[in-house]
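The values are calculated or read from the model by the stated rules, or taken from the named source; none is laboratory data. Here the structure is a predicted model, which means the values were calculated and not measured. Virtual Cβ from ideal backbone geometry, glycine too; neighbours counted across all protein chains shown.
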Amino acid sequence: MSSLPVSADPFPVRVFGGPTALFDYGGLRFLTDPTFDAPGEYQRAVLLTKTAAPVGSPADLGRVDVVLLSHDEHPDNLDDSGRALLAEVPLTLTTPGGGQRLGGTAKGLADWESIELERPDGGTVTVTGVPAVHGPGPREEVEPLTGQVVGFVLTGEGLPTVYVSGDNASLDAVEEIAERFGPVDTALLFAGAPRFPALFDGRCLVLDSAQAAEAARTLRARRVVPVHHDSWAHFTEGREVLEAAFAAAGLTDRLDWGRRG
């Protein structure tokens, strides 16, 4: 069977603050890292402070078919409201360890492992788990401190290629993904340059703005929707810094800030 042409029209992405975004793809509705709690503090190995309320609530989402959860261990990616929401969603895709911890309808995806989802109009959407490293350095040195993380690539007959990075700080991982899937039509890049002085000497746990622009170039991304850059005190680079970095890289036309709420 010959491939159908891919639509040149980008699908809308609704952003809610932090890492949370909602989009329709192949007739299915996908939600990334649900975080809908009010501002407050979470004491874990380090103190996490949420500084802004989400732009909307779970009640505003409508139907959600799949949650793409980069990891379940940090409240800035899965908070109390987000955990409650998972019970109402038919499928949550996450890390292998997260799939075991969450149970229920959660399924873990290892690197390059794929799952096919039935589309309402026929055909399938393929979701592939892709590498992500939640901090600077080799995965074997990072994961004992920050845990396992997964990204996702979505593909389908006649559909654009979508990359959801999750909490990834590794440009080497981005290069591997680009080799297999590039060019990418839409990249939801988690950015914000989050830092803690007590971890990795204050180096970034997720892409900083310049690295996000470099990732966009490596992926040959036609559109980049930045998420994970606001609403938390440990995010050190927001929209203005991202805009400046993409401008410096000559990639301003790739940026799409999505629809708020």
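Key figures
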| quantity | calculated |
| --- | --- |
| Looking only at the stretch 27-42, and only at residues there that are assigned to a loop (DSSP other than H, G, I, E, B) and not aromatic (Phe, Trp, Tyr), the one that is surrounded by the fewest Cβ atoms within 10 Å (Cβ to Cβ) | 38 |
| Within the stretch 65-85, considering residues that are under 15 Å from residue 105 (Cα atoms) and part of a helix (DSSP H, G or I), the one nearest to the chain's Cα centre (by Cα) | 82 |
| Where residue 7 falls short, out of the listed (1) of a type in the set (Ser, Thr, Tyr); (2) touching a strand residue (DSSP E or B) at 6+ places or on another chain (Cβ under 7 Å); (3) at pLDDT below 95 | (2) |
| Considering residues of the stretch 64-91 that are farther than 24 Å from residue 235 by Cβ and touching a strand residue (DSSP E or B) at 6+ places or on another chain (Cβ under 9 Å) only, the residue surrounded by the fewest Cβ atoms within 10 Å (Cβ to Cβ) | 90 |
| Failed item in (1) over 25 Å from residue 169 (Cβ atoms); (2) of a type outside the set (Lys, Arg); (3) not in a strand (DSSP E or B), with residue 24 passing the rest | (3) |
| Lone qualifier among 183, 226 - being modelled with pLDDT of 95 or more and assigned to a strand (DSSP E or B) | 226 |
| Subset tally (residues that are farther than 16 Å from residue 227 by Cα and among the polar types (S, T, N, Q)) for the stretch 147-204 | 4 |
| Near pairs, Cβ below 6 angstrom, 6+ apart or cross-chain, from the stretch 241-261 (under 14 Å from residue 230 (Cα atoms)) to any residue that is part of a helix (DSSP H, G or I) and not aromatic (Phe, Trp, Tyr) | 241/209; 242/209 |
| Scan of the stretch 43-63 for residues that are surrounded by fewer than 19 Cβ atoms within 10 Å (Cβ to Cβ) and under 24 Å from residue 236 (Cβ atoms), ordered by number | 43, 44, 45, 46, 47, 49, 51, 52, 53, 55 |
| Selection within the stretch 130-153 - among the β-branched types (Val, Ile, Thr) and modelled with pLDDT of 95 or more | 130, 133, 149, 150, 153 |
| Candidate set: the stretch 106-151, residues that are assigned to a loop (DSSP other than H, G, I, E, B) and touching a Pro at 6+ places or on another chain (Cβ under 6 Å); chosen: the one surrounded by the most Cβ atoms within 10 Å (Cβ to Cβ) | 111 |
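Each row is one residue, and each column tells you yes or no for (1) among the polar types (S, T, N, Q); (2) within 22 Å of residue 207 (Cβ to Cβ).
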site	(1), (2)
30	no, yes
46	no, yes
60	no, no
77	yes, yes
